[in-house]
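Below is one structure; the comments refer to it alone.
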Amino acid sequence: MQLAGLEDAIGREVGEKLEHIFAGHNPCLSVQYMPASRSEALLLSDEIDGDFPRLPEFAPYVGAKAVMVPVPLISGKGVLVTSDPAIQSVDDLGAVTLGLRRGTKWSSEAAGGHINRIFLPSYDIVVDMFLRRRLDAFLIESNNLKQYEAQLASATKTVVRQGHAYLWLSKKNEKYLPEITRVLTQSDFQTLNAYDQ
């Protein structure tokens with residue numbers, strides 16, 4: 001089966017684990033890494049067999065075209081980073097500019113009704129704009145945040161979301177759901193605590 005994984009450190013770590021665990025099983029899983037928006041489009045058009053890591057809230061976007069494997073691949077937190085210690089939630093932002101990495105649905109949902117948002121292609125760009133004061137705040141997974149710890153030592157960091165991410169299979173591959181669930185449950189696969197600070 002051909003899966004799509006998010007092309008970041010988290011996606012690659014989970015993808016390598018999946019390929020290793022399923023190497024001796026049927027189905028055998030192979031991972032291609034790409035942006036989340038592309039993998040979603042490929043999943044919905046049946047051009048790939050599965051997509052990860054995705055939140056349970058992915059369900060409304062895929063409807064009946066995909067099913068979630070009920071074993072979490074990632075467990076963690078989403079973090080709001082600001083330069084103002086008085087800001088403890090997205091609701092506290094007022095009119096300030098909020099940076100979001102394009103393709104991360106959790107951050108769009110966590111941003112709620114905040115109007116002044118900028119979508120950027122990578123966290124490198126998000127952090128750079130924040131450090132140059134072109135963004136007042138941004139949302140990031142805490143595992144990705146670790147890469148920028150030194151640069152953001154004086155920033156205020158507040159956990160705004162906790163949850164799990166899963167593998168989603170295209171509907172045509174639903175027949176593999178019991179076997180994939182069994183292998184993940186019985187293997188040495190450990191849920192990646194990707195957002196732990």
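Computed from the coordinates by the stated procedures, all read-outs in this text should not be read as laboratory data. Source: prediction; values computed, not measured. Reconstructed Cβ throughout: ideal geometry from the backbone, glycine too, with neighbour counts over all protein chains shown.
Restricting the GluC sites (Glu not before Pro) of segment 84-189 to loop positions (DSSP other than H, G, I, E, B) with no more than 13 neighbouring Cβ atoms within 10 Å leaves 149.
In this Cβ point-charge picture (+1 for Lys and Arg, -1 for Asp and Glu), the chain has a dipole of about 240 debye about its Cα centre. Whole-Hz Karplus values for segment 30-43 come out as 10, 10, 10, 9, 6, x, 4, 5, 5, 5, 4, 4, 5, 5 Hz, taken residue by residue from phi with 6.51 cos²θ - 1.76 cosθ + 1.60 and θ = phi - 60°; glycine and proline positions read x. If you take all C-alpha pairs in the chain, what percent of them are over 31 Å apart? Of all Cα-Cα pairs in the chain, 21 percent lie more than 31 Å apart. For segment 86-91, putting each phi into the Karplus relation 6.51 cos²θ - 1.76 cosθ + 1.60 with θ = phi - 60° gives couplings of 6, 8, 10, 7, 4, 4 Hz, in residue order, rounded to whole numbers and with x for Gly and Pro.
Taking the three principal axes of the alpha carbon atoms in segment 77-161, the coordinate ranges are 31, 28, 24 Å, sorted in descending order.
With contributions of -39500 (n - 2.57) from each DSSP H run of at least four residues, the per-residue ellipticity at 222 nm computed over the chain stands at -8000 deg cm²/dmol. For the pair residue 95 and residue 30, the difference between a 0.36 nm per residue extended length and the Cα-Cα distance amounts to 19.0 nm.
Among the listed pairs 105/171; 105/172; 146/171; 65/146; 17/105, give every one whose C-alpha distance is greater than 32 Å. Distance filter (> 32 Å) returns 146/171; 65/146. Given +1 at the Cβ of Lys and Arg, -1 at the Cβ of Asp and Glu and no other charges, the dipole of segment 77-161 around its Cα centre is 200 debye to the nearest 20. Between residue 128 and residue 68, what FRET efficiency comes out of the Förster formula 1/(1 + (r/R0)^6) with R0 = 41 Å and r the beta carbon distance, rounded to 0.05? The value I calculate is 0.75.
Length gained on full extension, residue 177 to residue 44: 46.1 nm, using 0.36 nm per residue less the C-alpha separation.
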